[in-house]
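The values are calculated or read from the model by the stated rules, or taken from the named source; none is laboratory data. Small disclaimer: the values here were computed from a predicted structure and weren't measured. All Cβ positions, glycine included, derive from the backbone under ideal geometry; neighbour counts span all protein chains shown. These area figures cover heavy atoms from the full protein model, side chains too; ligands, DNA and RNA do not enter into them. Shrake-Rupley method; radii C 1.70, N 1.55, O 1.52, S 1.80 Å.
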4 protein chains.
Amino acid sequence: MTASKPMDSAAPTVSVIGASGYSGAELTRLLQRHQGVKLQHLYAFSQAGKRADDLYPATGCPMTYLPYEGGTQSDIYFLALPHGEAHSLVPALAAAGKKVIDLSGDFRLKSTQEHEAFYGSKKPAEAVMTYAMPELFKEEIASATTVSNPGCYATSIILALAPLFRGAGGMPKVNSVACTAISGLSGAGRSSKTELSFAEMSENVRAYKVGKHQHTPEIMQALGTSSTDPSFAFTFTPMIGSLVRGIYSTLTLSLDSPAEAQAIRARYAEFYQGAPFVRVRNEMTEVRHVAHTNFCDIHIPDSGRSSSLVVISAIDNLLKGAAGQAVQNMNIMLGLDERTGLL
Amino acid sequence: MTASKPMDSAAPTVSVIGASGYSGAELTRLLQRHQGVKLQHLYAFSQAGKRADDLYPATGCPMTYLPYEGGTQSDIYFLALPHGEAHSLVPALAAAGKKVIDLSGDFRLKSTQEHEAFYGSKKPAEAVMTYAMPELFKEEIASATTVSNPGCYATSIILALAPLFRGAGGMPKVNSVACTAISGLSGAGRSSKTELSFAEMSENVRAYKVGKHQHTPEIMQALGTSSTDPSFAFTFTPMIGSLVRGIYSTLTLSLDSPAEAQAIRARYAEFYQGAPFVRVRNEMTEVRHVAHTNFCDIHIPDSGRSSSLVVISAIDNLLKGAAGQAVQNMNIMLGLDERTGLL
Amino acid sequence: MTASKPMDSAAPTVSVIGASGYSGAELTRLLQRHQGVKLQHLYAFSQAGKRADDLYPATGCPMTYLPYEGGTQSDIYFLALPHGEAHSLVPALAAAGKKVIDLSGDFRLKSTQEHEAFYGSKKPAEAVMTYAMPELFKEEIASATTVSNPGCYATSIILALAPLFRGAGGMPKVNSVACTAISGLSGAGRSSKTELSFAEMSENVRAYKVGKHQHTPEIMQALGTSSTDPSFAFTFTPMIGSLVRGIYSTLTLSLDSPAEAQAIRARYAEFYQGAPFVRVRNEMTEVRHVAHTNFCDIHIPDSGRSSSLVVISAIDNLLKGAAGQAVQNMNIMLGLDERTGLL
Amino acid sequence: MTASKPMDSAAPTVSVIGASGYSGAELTRLLQRHQGVKLQHLYAFSQAGKRADDLYPATGCPMTYLPYEGGTQSDIYFLALPHGEAHSLVPALAAAGKKVIDLSGDFRLKSTQEHEAFYGSKKPAEAVMTYAMPELFKEEIASATTVSNPGCYATSIILALAPLFRGAGGMPKVNSVACTAISGLSGAGRSSKTELSFAEMSENVRAYKVGKHQHTPEIMQALGTSSTDPSFAFTFTPMIGSLVRGIYSTLTLSLDSPAEAQAIRARYAEFYQGAPFVRVRNEMTEVRHVAHTNFCDIHIPDSGRSSSLVVISAIDNLLKGAAGQAVQNMNIMLGLDERTGLL
């Protein structure tokens, strides 16, 4: 009998700091079975001393969470910490030449002003990393040492808009985008808030942070504009609903000239040709189609020739919106097929 | 001991035709305990012969569904039939002087052209009744004999927009509305479709009929414009999610001039001053707040001074969106307090 | 126009102490529309100062929660407090001649020893009230001033067993009962526990307190035996699942002689003949059949002639298992039809 | 860049007949990423001509369902057909020397009498294969050519009982077992039944086939007894609840002598020592712990020294209860580590 996971002994080692949250648990699961790396340490804080498969039995991972005390033994570090906590850890890791993939919002925004306006906290001016959305910035990611993994809503929304914003010669200009997005409740993390209890959230829908969500400037930045001087009106209403995983974004675009959905779809299909995890689908997309996968599905319903256009995208917030995309980024940074361990 | 429901023996009698669907079951429940009317007959087709409390034990109603064969014994008739089936029944009821409250889409649209475009079926040109949205047309309803009960999405969306469209002097003009609305799955009726099974719809969200939903012309008509020559751009994306009851509508409005959410809210509060079931709330609205009630809750989040405005409304699709509003209309037609039997 | 709820000005007044929990919210809703009493005050502690329709918009109740400071203005008091808190309040209310309906476990058990063993806290020896299960003790309730409302699991299980234990001449003797019961998560109250969050409890089932639940001695007492010297082996596994409301109990009985399910059913039907809220059904019972109602549905599946017998019962834990049964008790104590305000 | 799934070109080929159901979709997903076999054909009937990733986008599998016309090209065949349809296909596959793993109930029972009593259909007397529960019959499976994969409830219940029945010297004898089990709704297959719609099953629980479920004789057979002359009383109440995946079984055992839960747990731990997918846990087990995994988790709550014993087990009905266990069996038949492709 052979081992269940054949592994090159020279495989790079990887550790997760902040492994006890929901994204951390997904990283644990994905990295444990990944053929190209060796999972070395799981670090946690309040849960240090517990075993991963006690806190998250579904991971089947027998490792014990360790308190992180500054080690740099691994080749690669995933940081899945609450916002604001990665700032102090990254410099030492970077100085030691480690590859770092940060899943928080700490290093996403180039503008400290926008960071402070939306996160409500200071950040060091130098705290900017390569914005690691593989479908847009694959080459930069491949050559980067430290990267910032996109936000969950941001992933779903940027992928739904990028083909009309990036190198979109010949396409109509977008005047405004009205966006609503329903997120699964795992997006709020392991929570003890009454308003996120099952008794309050079953059979419920609730919007929050209307027009104020911190992913707004991230979206604008990735599309080549900014939230302070935007090239188009963007109104974003995030919501939570009765689901654990998934983000379902509906974007209603006002274009400067009428277009056929078919032509737009063709543009999207071409734009995402080499992107194995983005699927431009002819059928309506659903959360169920992408849950527990790293796919982002996009559908553009037929609407006749119109200057109003609807684009719908769906992802799993913990995978394509967090841990899956992070592993995809690691694969790219290691020169592996970006799909490794994600299918 | 006295009976559990004291009743004037001279109370008007009421029957429901199409009582075995979800709206019919709610009508059964509401009318059975209503203090001002006497529930006389429940009519159904495929379920004729069954008892209401066998098909819907929660109603506790021991009446047996009868096949409807054209009787006119009752004073009031609710019609809760599939679209297209009420056309042939109403004339005889109307000729016999009966009060009729029709819950289908058969009599809502003044324009036969719009009806045919959106319902895909012919309708008699004379098939138009008073559009019975109490908050907009209470006087017409009070004096009408036959009324058409609004659609569920339409109720939620019209109530969220009316204060900016009807007698809205001094308010900014609405240039466009991008609307998404999540409906509970009871809106699809008692269904045997695979795609509406629990296994497919749990933890799911799915849009459908994007830009094509039949409530669109109804909304435009109630706001004083039409879907063929609209005074504002309206894009509507209906969705279903993992809930049984409720409609949660998010409307992103583009105004012709900037406004403060506060001023808009004041306008809404004034507009709905005498409307006991519409609540303009300062806190975020949720489906849970209105489920199993006849309320429509509306919230307008703060957004600074802006020409983008978000309005959120929530109803229970089976109550304010169907059976509850129908009973409210009956109360008005009978000269009763419109809240009777609905609190 | 007349008021929506005609009310005799001489109607007794009623207040709720502990009105801001889930049972309190149901009491608010039920008492507000009750034709035979006048809701006077809602008392709460941490939520004092808030309006009921802000905390629970679905109640539509505009009253403000007051801190309870010992008043005795009302004729009737419902106590919906956490276990252990009613002991100190009841004596003064009782001394003032008020009718008291306590929804906690404080006054249910005659045995202080059992109370201490299962609740883990002391109780005054005199802290015993009439055990107010209307189907078993209607006359005692009618003449009582203070009553103790049964527990939710206990209601569902006692009603499923009573016909074989109370005056069951000619019926087989029950040797053992293995009981599992799934409860909705509202049973845990307004909770901020991580393990009761939507993200943890959606699509989940979890047993707890196996063999140790505090309703066990209450069940034994109502059936005429005790948990310390039981006349039959009782094993109880409570569970929580992905639902907000409802208790679904499955009891597997071992009888001392074979019986036909049909004969047992006949016994149950006879036993509950005058009980308007207990329905012995020939069809399988489901939570959906009783949710949002005060019914307890019982079904005994066919099993041929056997000494193993399965009995299934379903209730809404917040209504028949708490607030609904409490109002039913109030009706009995006031000499009203016990169904008043509950249909 | 390397391919995402390195594969020996000499890997055995595998096909799935009946690939378009829920178990088939899980087989598709598991086999596609399995490192030790090559997925060759997906066969379906009503869905022939469709692509797997159109019907089940989450599989990401671009293969097209073919109609099965008797081919024997592959080395291994999984049959995931409705009960009764495998009988006619297996002989030809067996005659051609193919390895066959049948997921239906067609070949599970040795007794044709029991088969006919519980399945309500005839079966050929010779239609019996190795009962492929790896934890009990690993050696037989390793040397078998055709095997019958256990039922979902049966898996959960047999694993929860086997340590007290198979080679259980020194353990108390089991006199009776009262078993309730809640299944996710995927267990009913892709369904178009009204009673399995989301609107009917959300927030619901419903028992069915009480005492009559077809997995009963399978359980008795695996434990070394039979349903016609059982060595212990077995009462089984299956239920469906508001979840898609999972089986949560609660078994209340009556023993012939008192035992400590601790001693029983030790016996279980020893019995499952070499079984990588069965975990005897000290903490309460939950559906969430095993959903989307091939684990069976078992917990035995403390109950003091007692002759009543509760055993709780949880599996994912589509994985350990169907497709996962089938792949585990394939691994054993191919001499691979049984965990291959399942972690």
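List of remarks:
- Nonlocal amide H pairs with A:Q35, under 5 Å, H built at 1.01 Å: A:G341
- Of all DSSP-defined beta bridges confined to the protein assembly as shown, some 45% are antiparallel rather than parallel.
- The modelled label-to-label distance for the pair D:A96/D:K209, using points 7 Å beyond Cα in the direction of Cβ, is 3.1 nm.
- Looking at chain B, the DSSP beta bridges with both ends there are about 45 percent antiparallel.
- Trypsin sites (Lys or Arg not before Pro) restricted to the stretch A:174-259 and DSSP loop, no more than 14 other C-beta within 10 Å: A:K193
- Distance between the stretch A:180-249 and the stretch A:124-140 - C-alpha centres, whole angstrom: 22 Å
- Dimensions (Å) - the stretch D:216-287, Cα atoms, principal axes, largest first: 37, 35, 24
- Taking a ≥ b ≥ c as the square roots of the eigenvalues of the Cα gyration tensor, the stretch C:104-199 is classed as oblate, since a/c reaches at least 1.5 and a/b does not exceed b/c.
- Heavy-atom accessible area per residue - the stretch A:270-343, 1.4 Å, Å²: 27 Å²
- Calculated FRET efficiency, B:R166 to B:Q113, Cβ-Cβ distance, R0 = 22 Å: about 0.40 to the nearest 0.05.
- Accessible solvent surface per residue of the stretch A:4-114, calculated while the other protein chains remain in place, 1.4 angstrom probe, Å²: 38 Å²
- Looking at the stretch B:191-287, the GluC sites (Glu not before Pro) that sit in a DSSP loop and have at most 11 other Cβ atoms within 10 Å of their own Cβ are B:E283.
- Only Lys, Arg (+1) and Asp, Glu (-1) charged, at Cβ; the stretch C:1-122 dipole about Cα centre in debye: 240 debye
- Protein heavy-atom surface of the stretch A:243-319, 1.4 angstrom probe: 43% of the accessible area is carbon and sulfur, with nucleic acids and ligands not counted.
- Residues with amide H under 5 Å from that of B:G84, placed H, sequence gap 5 or more: B:G105, B:D106
- For the stretch D:153-317, with +1 on Lys and Arg beta carbons and -1 on Asp and Glu, the positive-most of D:V290, D:A188, D:S306 along the dipole: D:A188
- Reachable aspartates and glutamates from A:K38, criterion Cα separation under 15 angstrom, eight or more residues apart if same chain: A:D8, A:D75
- When you count the other C-beta atoms within 10 angstrom of each residue and take the mean per peptide, C:297-307, B:86-96 line up highest first as C:297-307, B:86-96.
- This model, with +1 at the C-beta of Lys and Arg and -1 at the C-beta of Asp and Glu, gives chain B a dipole about its Cα centre of some 220 debye.
- Ligands, DNA and RNA left out, the 1.4 Å accessible surface of the stretch A:110-176 is 49% carbon and sulfur atoms.
- Fraction of beta bridges assigned by DSSP in the stretch A:122-242 that are antiparallel (%, nearest 5): 25 percent
- In the A-D interface, the accessible area buried, summed over both sides, Å² (probe 1.4 Å): 2200 Å²
- 7 Å along Cα→Cβ, label-point gaps from B:S121 to other copies, nm, shortest first: 3.8, 5.8, 6.1
- Among A:P67, A:P134, A:P124, the residue with the largest mean-square fluctuation in a Gaussian network model of chain A, with springs joining Cα atoms closer than 10 Å, is A:P124.
- Rounded to two decimals, the Cα radius of gyration of the protein assembly as shown over 2.2 N^0.38 Å is 0.93.
- Distance between modelled label sites at C:Q73 and D:L66, nm, 7 Å Cα→Cβ extension: 8.2 nm
- At most 13 other Cβ within 10 Å, DSSP loop - chymotrypsin sites (Phe, Trp or Tyr not before Pro), the stretch B:2-91: none
- Summed residue charge, Cβ within 14 Å of A:T64's Cβ, Lys/Arg positive, Asp/Glu negative: 0
- Descending semi-axes in whole angstrom, ellipsoid equivalent of the stretch A:53-95, from the Cα gyration tensor: 24, 13, 9
- If the segment from C:A266 to C:R51 were pulled out straight at 0.36 nm per residue, it would be longer than the present Cα-Cα gap by 72.6 nm.
- Distance between the 7 Å Cα→Cβ label points at C:K122 and B:A10: 6.6 nm.
- Couplings for the stretch C:301-306, taken from phi via the Karplus curve 6.51 cos²θ - 1.76 cosθ + 1.60 with θ = phi - 60°, read x, 5, 8, x, 7, 8 Hz in order; Gly and Pro are left as x.
- Rounded to the nearest 20 debye, the dipole size of the stretch D:216-279 about its Cα centre is 320 debye, using +1 on the Cβ of Lys and Arg and -1 on the Cβ of Asp and Glu.
- A:M129 sits among other residues whose Cβ lies under 14 Å from its own Cβ, and their net charge, with Lys and Arg +1 and Asp and Glu -1, is 0.
- From the largest down, chain A spans 59, 45, 44 angstrom on the principal axes of its Cα atoms.
- Under-5 Å amide H pairs with B:C296, H placed in peptide plane, nonlocal only: B:V278, B:R279
- Integer Hz, Karplus 6.51/-1.76/1.60 couplings in order for the stretch B:65-79, x for Gly and Pro: 5, 9, x, 8, 10, x, x, 9, 6, 7, 7, 10, 10, 9, 10
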